[in-house]
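The structure appears below as structure tokens.
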Amino acid sequence: MTKTPTIMHVNLAKGFRGGERQTELLIKALAKHFTVKQVVACRDDSPLRDRLASVPNVSFLTANHQLNGHFTAPRVDIVHAHEAKAVHWAYLHKLLRKVPYILTRRVDTPIKEKWSNKASYRNAKMRVGISTLIAEHIRDKHWGEVEQIPSTLAHLEANRQEGEAFKVKFPNKVLVGHVGALVDRHKGQKVLIDAAALLETSHPALHFVFFGDGADKEELKAYAKDLNNITWMGFKSNIGDYLPFLDMFAFPSRNEGLGSTLLDVMDAGVPIIASRVGGIPDIILDQETGLLVPPNNSKALKEAIVTLYENPSLQEQLKAGATARLINYTPQKMAERYMAIYTR
């Protein structure tokens, strides 16, 4: 590898979700803590372009699909594939340009036994899983060495005035927040809606606020239409303004690679209740950094919400435990771990 490493990050996603945010955070942390040149291969309409435009020593390559951009790409030392289409792009790029690559897997579903997956995983210099479960899924394939590098918190900026304006809209209410794409098969919003229904009469002080947008928005609103203890806030690009003003946070995912949103909630000092699925137990240690409940179980979620609501000392205990654990999930820590792989 050259004295100043040149790293190409590949993310061909159309939108901007958790994986894209982690790509952005890694690139910014590498630029801040190391002397590197970075190229971002992405779609011409990728939000990453605007979000990384001011980062020093970062340039962009247009790659609108897996076959695009290979011969216009500059020579780099290593390619880092950040999502599924990027993995296939990186494999093809190695065949065409002889550039080594690593890949990061962020989803907790088992890897399909397709020839393209076998080839692209086996030919990678390193395979990285962001959680214990994902790393185990990759190791089970025996396709090569695997490392586990978790996602990072974002250190979200917070506009206190904006947050206070939000909080004042709910006088005398205890706010139970949720942030996530409105896709129930993934994020499990119906489980939380059912829990809210169970609590509407018995605990009128509790109010549930949902942040996010997604394919199931109208279906979920219809599902909750008879409840008066739910507010739909929509997508907020400045979610950091709101998190510190929640009283607790519910994350009833049905499946989850890691749940990096939880790191930002912990950073905001909000106690968490989450489902015991995917990589969530890597972050949420039951009774230590949050409360874990079985997935797809609205009654268990309801009971955990009541337990936390009625026990202020438990709230403080969980917040303190969460804050202590965050040292393992900083952008610098993630950048150091990846840099060690790049330069190996």
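Can you tell me which residue within the range 129-156, out of those that are in a loop (DSSP other than H, G, I, E, B) and among the β-branched types (Val, Ile, Thr), is farthest from the chain's Cα centre (by Cα)? I'd like the intermediate steps shown before the answer.
Pass one, the range 129-156, residues in a loop (DSSP other than H, G, I, E, B): 130-131, 140-145, 149-156.
Add one more test, that the residue is among the β-branched types (Val, Ile, Thr), and what stays is 130, 149, 152.
Numbers: Ile130: 10, Ile149: 13, Thr152: 8 Å.
That would be Ile149.
Does Tyr329 satisfy the criteria of being within 30 Å of Ile27 (Cβ to Cβ) and touching a residue at least 24 places away in the same chain (Cβ under 8 Å)?
When the stated conditions are applied, Tyr329 passes them.
Being at pLDDT 95 or above and either buried (at least 18 other Cβ atoms within 10 Å of the Cβ) or under 18 Å from the mean Cα position of the chain (by Cα) (or both) is the filter here; which residues of the range 107-124 pass it?
Passing the criteria: Ser120, Tyr121, Ala124.
Which members of the range 240-283 meet the condition of being closer than 20 Å to Arg105 by Cα and assigned to a loop (DSSP other than H, G, I, E, B)?
Passing the criteria: Ser253, Arg254, Asn255, Glu256, Gly257, Leu258, Gly259, Ser260, Arg276, Val277, Gly278, Gly279.
Working carefully through the options Pro252, Pro294, find the one that is surrounded by fewer than 22 Cβ atoms within 10 Å (Cβ to Cβ) and touching a helix residue (DSSP H, G or I) at 6+ places or on another chain (Cβ under 8 Å).
From the options Pro252, Pro294, the qualifying one is Pro294.
Among the residues of the range 99-152, write down those that are out of contact with any Gly (no Cβ under 6 Å at 6 or more places or on another chain) and among the small types (Gly, Ala, Ser).
Ser116, Ala119, Ser120, Ala124, Gly129, Gly144, Ser151 - these are the residues of the range 99-152 that are out of contact with any Gly (no Cβ under 6 Å at 6 or more places or on another chain) and among the small types (Gly, Ala, Ser).
Output the residues belonging to the range 31-49 that are within 20 Å of His93 (Cβ to Cβ) and either surrounded by 18 or more Cβ atoms within 10 Å (Cβ to Cβ) or of a type in the set (Gly, Ala, Ser) (or both).
Listed by number, the residues that qualify are Val36, Lys37, Gln38, Val39, Val40, Ala41, Cys42, Arg43, Ser46, Leu48.
Residue by residue, here is whether (1) over 21 Å from Arg51 (Cα atoms); (2) touching a helix residue (DSSP H, G or I) at 6+ places or on another chain (Cβ under 8 Å); (3) in contact (Cβ under 8 Å) with a residue 24 or more places away in the chain; (4) of a type in the set (Val, Ile, Thr) holds:
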site: His142; (1), (2), (3), (4): yes, no, no, no
site: Ala158; (1), (2), (3), (4): no, yes, yes, no
site: Val168; (1), (2), (3), (4): yes, no, no, yes
site: Lys173; (1), (2), (3), (4): yes, no, yes, no
site: Val176; (1), (2), (3), (4): yes, yes, yes, yes
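Filter the range 284-317 for residues that are within 21 Å of Ser131 (Cα to Cα) and either part of a helix (DSSP H, G or I) or among the β-branched types (Val, Ile, Thr) (or both) and give the result.
Correct list: Ile284, Thr289, Val293.
Quick check on this structure: which one of Leu198, Leu182, Leu227 is on the phi < 0 side of the Ramachandran plot and either buried (at least 21 other Cβ atoms within 10 Å of the Cβ) or touching a Gly at 6+ places or on another chain (Cβ under 9 Å) (or both)?
Step by step, each of Leu198, Leu182, Leu227 is checked, and only Leu182 is on the phi < 0 side of the Ramachandran plot and either buried (at least 21 other Cβ atoms within 10 Å of the Cβ) or touching a Gly at 6+ places or on another chain (Cβ under 9 Å) (or both).
Starting from the range 224-252, take each residue that is over 21 Å from Thr201 (Cβ atoms) and list its partners that are part of a strand (DSSP E or B) and of a type in the set (S, T, N, Q), counting only C-beta distances under 9 angstrom and pairs at least six apart or across chains.
Note: pairs meeting the criteria are Phe251/Ser275.
Out of the range 230-246, which residues are out of contact with any Leu (no Cβ under 8 Å at 6 or more places or on another chain), among the β-branched types (Val, Ile, Thr) and crowded, with 20+ Cβ neighbours inside 10 Å?
Residue satisfying the conditions is Ile230 alone.
Please state which one of Thr330, Thr323, Thr289 is polar (S, T, N, Q) and out of contact with any Gly (no Cβ under 8 Å at 6 or more places or on another chain).
Checking each option against the conditions leaves just Thr330.
Among Ile78, Ile149, which is of a type outside the set (Asp, Glu) and farther than 19 Å from Ala41 by Cα?
Ile149
Name the residue, out of Ala340, Ala300, that is more than 24 Å from Pro271 (Cα to Cα), out of contact with any helix residue (DSSP H, G or I) (no Cβ under 6 Å at 6 or more places or on another chain) and among the small types (Gly, Ala, Ser).
Among Ala340, Ala300, only Ala340 is more than 24 Å from Pro271 (Cα to Cα), out of contact with any helix residue (DSSP H, G or I) (no Cβ under 6 Å at 6 or more places or on another chain) and among the small types (Gly, Ala, Ser).
The values are calculated or read from the model by the stated rules, or taken from the named source; none is laboratory data. Just so it is clear, the model here is predicted, and its values are computed rather than measured. As a convention, Cβ positions derive from the backbone with ideal geometry for all residues, glycine included, and neighbour counts pool all protein chains shown.
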